[in-house]
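The structure under discussion appears below in the form of structure tokens.
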Amino acid sequence: MDAGGTTTRALVTTLSGERLGESWAGGANPNAHGVIRAAAQLTEAVEGALDRAERWARQEVVATVIGLAGVSALRDPDVRARMEEALAEAGLPPGTAEFTGDDEVAFASGTPLPDGTVLIAGTGAIATRIEGRLRSRSADGMGWLIGDDGSAFWIGHQAAKETARQLSRGGELSPLARTVAKRVIPGQRPAGGDEHRPEEHARNFARTLTEGPPIALATLAPLVSQAHTAGDPAAHVIVEAAAGHLAHTVHQVRTPGERTPVVLSGGVLTHSEPVRAALTRKLALGASGTQIAMAGCTAGGAAWLAALHAGVSDTDHALHEVFTRLGRRGGRSDAA
């Protein structure tokens, strides 16, 4: 299972990687949603995947790995007990499940090797050093208020600031500022008259944004990629800065000259070619020869880790590719 803050995916496979059943549910991060809701989403996803598998699947499960966003919440015995109850309610045999971090399954989806680094850049951003397929230390992941540099929130925040600057100056807007303003205050134009200066239009833009949740700024990030493709200089600056922050976060958990693989995951790196390309270039400058790989199917990465627990060899790299291949089933893409 890959149980994130937004979506949870459960995948039932054989030990040879054949996919028997899968299901999606809402986010199951107990820190973000509370343990009651998180447990309910966990039950829904597991139950759905098992129902779609063969009728004998529940009795034949030998190992389960749950890559859980907010796994630190399980340090509370009551939270752990409720999440384990959720698995039992879905029909999993007792003693077959292991909770781990979503960063560990993301790393496993991108490489069969046991050591390296995974960078997850979605709404937030965090880099984790992986040793023996387990998290050893991490950098950033501090949340939108004081961290997550280079994340979708950070990119969207920079786009909003640039738009406000251009609105306050008046005149023609760049492609980035035009699309951001159209998204935030559609149809609005500066009013005429001396009392309605351009800066008042900018303040109206800012007020509209502050009326919503701050994290919603992350939804502006794709507009930066679009403007970058259109040649907007401001978008270029934001993309390069975001990639620089993300590269710095990666370097914080690596040693100079290290050659272990770096796995890239999360919505920003999956969907923003400009940020991904700039980041890859910066990482290559710091560690020539390092393998930089995109994460595969993260639920498949969790299934592969479960298969290792069940005795599958970790040297069978072809089998790893079977488990972690990306695809599209049931109207959902693995990269969604």
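The numbers here are math on the coordinates, done by the rules we state, and not lab data. All values derive from a computational prediction rather than experimental measurement. Using ideal geometry, Cβ is built from the backbone for each residue, glycine included, and neighbour counts are taken over all protein chains shown.
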For this session: In debye, nearest 20, what is the charge dipole magnitude of region 154-215 about its Cα centre with +1 on Lys and Arg Cβ and -1 on Asp and Glu Cβ, if you could check?
Result: 200
Exercise. How long is the gain from K161 to E60 if the chain were fully straight, where each residue apart is worth 0.36 nm and the alpha carbon distance is subtracted?
Worked result: 30.9 nm
Exercise. For region 1-70 and region 275-316, what is the separation of their Cα centres, given in Å?
Worked result: 21
Exercise. Using θ = phi - 60° and the Karplus curve 6.51 cos²θ - 1.76 cosθ + 1.60, what whole-Hz ³J(HN,Hα) does each residue of region 249-255 get, with Gly and Pro shown as x?
Worked result: 4, 4, 5, 5, 10, 10, 9
Problem set entry | Rg in Å to one decimal, and Dmax rounded to a whole Å, for region 154-215 via C-alpha atoms | 11.1, 35
Problem set entry | Neighbour count of at most 15 Cβ within 10 Å plus DSSP loop: longest trypsin sites (Lys or Arg not before Pro)-free window in the chain | 56-258
Exercise. What 222 nm value per residue comes from the helices of the chain, counting each DSSP H run with n ≥ 4 as -39,500 (n - 2.57) and dividing by all residues, nearest 500 deg cm²/dmol?
Worked result: -14000 deg cm²/dmol
Problem set entry | Dimensionless Rg over Rh [region 65-150; C-alpha; Kirkwood] | 1.02
Exercise. Applying the Karplus parametrisation 6.51 cos²θ - 1.76 cosθ + 1.60 with θ = phi - 60° to the phi angles of region 135-141, what ³J(HN,Hα) value in whole Hz is obtained for each residue in order, glycine and proline being reported as x?
Worked result: 5, 10, 7, 9, 9, 6, x
Exercise. Which one is right for this structure if semi-axes √(5λ) of the Cα gyration tensor in Å is calculated from it: [x] 34, 27, 17; [y] 36, 23, 19; [z] 40, 23, 17?
Worked result: [z]
Seminar exercise, completed: Note on the chain: contact order normalised by length, alpha-carbon pairs under 8 Å, 6 or more apart, percent, works out to 19
Exercise. Tell me, which longest segment in the chain has none of the GluC sites (Glu not before Pro) that fall in DSSP loops with at most 15 further Cβ atoms within 10 Å?
Worked result: 212-336
For this session: Kindly provide log₁₀ I(q)/I(0) values, in the same order as q = 0.18, 0.20, 0.22, 0.25 Å⁻¹, from the Debye equation applied to equal alpha-carbon scatterers of region 110-199.
Result: -0.83, -0.92, -1.02, -1.15
Exercise. Using a Förster distance of 30 Å, how high is the FRET efficiency between S313 and S136, based on the Cβ-Cβ distance and rounded to 0.05?
Worked result: 0.80
